[in-house]
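Visitor: Okay, here's the structure, questions in a sec.
The values are calculated or read from the model by the stated rules, or taken from the named source; none is laboratory data. Values in this document were obtained by computation on a predicted structure and should not be read as measured data. As a convention, Cβ positions derive from the backbone with ideal geometry for all residues, glycine included, and neighbour counts pool all protein chains shown. Only protein heavy atoms, including side chains, enter the accessible area calculation; ligands, DNA and RNA are left aside. Shrake-Rupley method; radii C 1.70, N 1.55, O 1.52, S 1.80 Å.
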Number of protein chains: 2
Amino acid sequence: MMIFLVQVKVMPLKELLDPQGKAVLGGLQNLGLDKIRDVRIGKHISLDVEADSADQAKKIAEEAGKKLLANPVMEYFEISVN
Amino acid sequence: MMIFLVQVKVMPLKELLDPQGKAVLGGLQNLGLDKIRDVRIGKHISLDVEADSADQAKKIAEEAGKKLLANPVMEYFEISVN
């Protein structure tokens with residue numbers, strides 16, 4: 001068994017508005033950062049997963065994503081294993 | 001000018017507790033996902049940045065990270081340009 005560091009990115013679905021992102025975009029423009037055209041904000045979740053292989057660690061993280069980390073009505077998630 | 005998609009990962013500093021991560025870890029264990037040993041939760045922020053080069057887009061995102069996206073007392077951030 002090894003410990004794999006798995007990164008899960010949980011973002012608002014592309015077809016949904018992201019009011020938090022829009023608020024931050026406004027804040028950045030007020031600070032003069034007017035080259036930033038859009039902002040979307042989600043969660044970044046790092047997992048330490050005990051597994052025999054990177055593939056197995058990814059499967060465990062996928063199960064976590066489906067069962068708890070992401071709300072599929074509003075969010076999608078992507079997984080990468082380091 | 002091109003639009004670069006810049007990813008900013010904002011995480012709680014490693015030396016700080018992450019109570020939200022600990023709560024999610026407990027939830028995962030209650031769901032039977034007992035191979036997950038640790039969870040840390042931060043933000044994932046996607047920026048559309050208008051710039052002449054990937055380097056320039058990264059610099060703009062760094063300025064956004066320092067000025068608004070991350071609180072250096074509690075968080076660090078990492079940037080990648082796609």
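Visitor: For chain B, build the charge dipole from Cβ charges (+1 Lys, Arg; -1 Asp, Glu) around the Cα centre, then report which of B:PRO12, B:ILE45, B:LEU31 sits farthest towards its positive end.
Guide: B:LEU31
Visitor: Now for a different question. What FRET efficiency would be calculated for the residue pair B:LYS22, A:LEU16, taking the C-beta separation as r and a Förster radius of 35 Å, to the nearest 0.05?
Guide: So the FRET efficiency works out to roughly 0.75.
Visitor: Give, as a single signed number, the net charge of other residues whose beta carbon lies under 10 Å from the beta carbon of A:ASP18, with Lys and Arg counted +1 and Asp and Glu -1.
Guide: Every neighbour counted, the sum reads +2.
Visitor: For A:ALA51, what is the net charge nearby, where nearby means another residue's Cβ is under 13 Å from its Cβ and Lys, Arg count +1, Asp, Glu -1?
Guide: Combined, the nearby Lys, Arg, Asp and Glu give -3.
Visitor: For the protein assembly as shown, what % of the accessible area comes from carbon and sulfur atoms, probe 1.4 Å?
Guide: 56 percent
Visitor: How far is B:SER53 from the same spot in each other copy, in nm, shortest first, if each label point sits 7 Å from Cα toward Cβ?
Guide: Those label-point separations list as 4.3 nm.
Visitor: In nm, what is the difference between 0.36 nm times the number of residues separating A:ILE3 and A:GLU75 and their Cα-Cα distance?
Guide: This chain segment gains 23.2 nm when fully extended.
Visitor: Something else about it: Answer rounded, prolate or oblate for the protein assembly as shown, using the Cα gyration tensor with square roots of eigenvalues a ≥ b ≥ c: rounded when a/c is under 1.5, else prolate when a/b is larger than b/c, else oblate.
Guide: prolate
Visitor: Taking the 0 to 90 degree range and rounding to the nearest ten, how far is the long axis of helix B:19-30 tilted relative to the main principal axis of chain B, both from C-alpha atoms?
Guide: Roughly 50 degrees between the two axes.
Visitor: I want the local charge near B:ARG40. Using Cβ-Cβ distances under 15 Å, sum +1 for each Lys or Arg and -1 for each Asp or Glu among the other residues.
Guide: In short, +1.
Visitor: Report the A-B buried area as the accessible area lost on both sides summed, probe 1.4 Å, in Å² to the nearest 100.
Guide: 2800 Å²
Visitor: By a straight-distance test (C-alpha under 20 Å), which lysines pair with B:LYS67 as possible cross-link partners, with residues fewer than eight away in the same chain excluded?
Guide: Within the straight-line cut-off, B:LYS67 pairs with A:LYS22, A:LYS35, A:LYS43, B:LYS9, B:LYS43, B:LYS58, B:LYS59.
Visitor: So, with +1 on the Cβ of K and R and -1 on the Cβ of D and E, and no other charges, what is the size of the charge dipole of chain A about its Cα centre, to the nearest 20 debye?
Guide: Roughly 320 debye for chain A.
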